[in-house]
Structure formats: structure tokens, C-alpha cells
Amino acid sequence: MTEPVAIAETVHDERVMKASPARVYMAFADAEARKRWEPTPPDMEMRYGPSSFEVGAHEESEMIKDGEVMASFDTRYIDILPEKRIVSSIRVKAGGQIMSCSQSTVELVPEGNGTRVICYEQVVWFGGQNMKKEHQEGWRTLLDGLRNEVEESAV
């Protein structure tokens, strides 16, 4: 029997937000702010390990449902250019298996009185299943939450 083929895709989304690049950047850099706007399914909770927002830093987090770990996330910050760019890699495990690995690039580009947030995720799924649609929806939800965080606090 052969292993399922790895499937690679690039996911892209972007939004213009009514907040400065500095304000948007701080929503990523501040761990408490991230907990407010990062998407978590309604019946689950996220548990974050200690981390620091700097190049080379490592962060572990888990998605919990009814006291059970459903997925774990191993994030490493590859490049951070304050108020301009954040590059990270993420490995996702579920059921003891690596499900996916990705590299995400978030660019913060001044536009008028706000910021255009441009996101690219290059992802590989290892279970033979293409989850591009789910990742696109995840980015939409993430960017909507980020916009709510930075625009509400900018008022």
C-alpha cells in the first residue's frame, strides 16, 4: 500500500483596514490581543504555551474540545519586520500524525489612512486531502477578526 500523496497549494487573501500599520502589527505582536481575534470554533478553546514574538521564537498551542486535544500547532517565526511583514511556519498535528506544514507571509502595506493586509500561505497537506477551501475560509475568518480588533480599538 502506498502513502497518500502530499498536496500543496497557495492560499491568498487580503483586506484594507481602517488602522495604521503600527496598530495592525501590534494586534499580531501582543499575545492577549491575538487571543481575542484569532478564530477558534465555537465549541473549542485554544490553549497557548509561552512564546515571544521575535525572529526564531517558537510557540506551541492546542485546540481543545471537551478536555481533549483535537489539534496541536507548532509555530516558528522566521522573519519579522515591524509594521511591515511577518513570516511564520506552522506544523499541525492531529491524532498523533502531522496533518500539514505551511509557511505564512503577512504583509502590512500603508494605504490611505489605513493598512492593506496581504496574506499568503503555502501549505502542504499530508493526508491526501486538499483542504484549500477550508484554509481560505480560515483566512477570511482570521482577517475579519483582525479587522474587528484593530478598527474597534482605533476608535
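Assorted remarks:
- Hits in the range 6-19 - residues which are more than 17 Å from the chain's Cα centre (by Cα), over 12 Å from Val117 (Cβ atoms) and of a type outside the set (Val, Ile, Thr): Ala6, Ala8
- Among the residues of the range 97-120, the ones that are open to solvent by 50 Å² or more (accessible area, probe 1.4 Å) and either aromatic (Phe, Trp, Tyr) or within 21 Å of Leu81 (Cα to Cα) (or both) come to 9 in all.
- Where strands (runs of 3 or more DSSP E) fall wholly inside the range 70-155, the ranges with 1 or more residues that are in contact with a Gly (Cβ under 8 Å, 6 or more places away or on another chain) are 97-111.
Results for (1) assigned to a loop (DSSP other than H, G, I, E, B); (2) touching a Leu at 6+ places or on another chain (Cβ under 9 Å), shown as yes or no for each residue.
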| position | (1), (2) |
| --- | --- |
| Ala8 | no, no |
| Val11 | no, no |
| Arg15 | no, yes |
| Ala19 | yes, no |
| Tyr25 | no, yes |
| Phe28 | no, yes |
| Glu32 | no, no |
| Pro42 | yes, no |
| Pro50 | yes, no |
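Quick grid of which residues meet (1) in contact with a helix residue (DSSP H, G or I) (Cβ under 7 Å, 6 or more places away or on another chain); (2) surrounded by fewer than 16 Cβ atoms within 10 Å (Cβ to Cβ); (3) among the β-branched types (Val, Ile, Thr); (4) at pLDDT 90 or above:
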residue: Met1; (1), (2), (3), (4): no, yes, no, no
residue: Ala19; (1), (2), (3), (4): yes, no, no, yes
residue: Ala22; (1), (2), (3), (4): no, yes, no, yes
residue: Tyr25; (1), (2), (3), (4): no, no, no, yes
residue: Glu32; (1), (2), (3), (4): no, yes, no, no
residue: Pro41; (1), (2), (3), (4): no, yes, no, no
residue: Phe53; (1), (2), (3), (4): yes, no, no, yes
residue: Ala57; (1), (2), (3), (4): no, yes, no, yes
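- Residues that are among the hydroxyl-bearing types (Ser, Thr, Tyr) and under 13 Å from the mean Cα position of the chain (by Cα) within the range 20-59 comprise just one, Thr40.
- A count restricted to the range 66-90 and to residues that are of a type outside the set (Asp, Glu), touching a residue at least 24 places away in the same chain (Cβ under 8 Å) and open to solvent by 60 Å² or more (accessible area, probe 1.4 Å) stands at 4.
- Single residue of the range 121-137 satisfying the filter (in contact with an Asp or Glu (Cβ under 9 Å, 6 or more places away or on another chain) and surrounded by fewer than 17 Cβ atoms within 10 Å (Cβ to Cβ)) that is nearest to Ile98 (Cα to Cα): Phe126
The values are calculated or read from the model by the stated rules, or taken from the named source; none is laboratory data. Quick caveat: nothing in here was measured; it's all calculated off a predicted structure. Positions of Cβ are backbone-derived with ideal geometry, glycine not excepted, and every protein chain shown enters the neighbour counts. Accessible surface areas use protein heavy atoms only, side chains included; no ligands, DNA or RNA. Shrake-Rupley method; radii C 1.70, N 1.55, O 1.52, S 1.80 Å.
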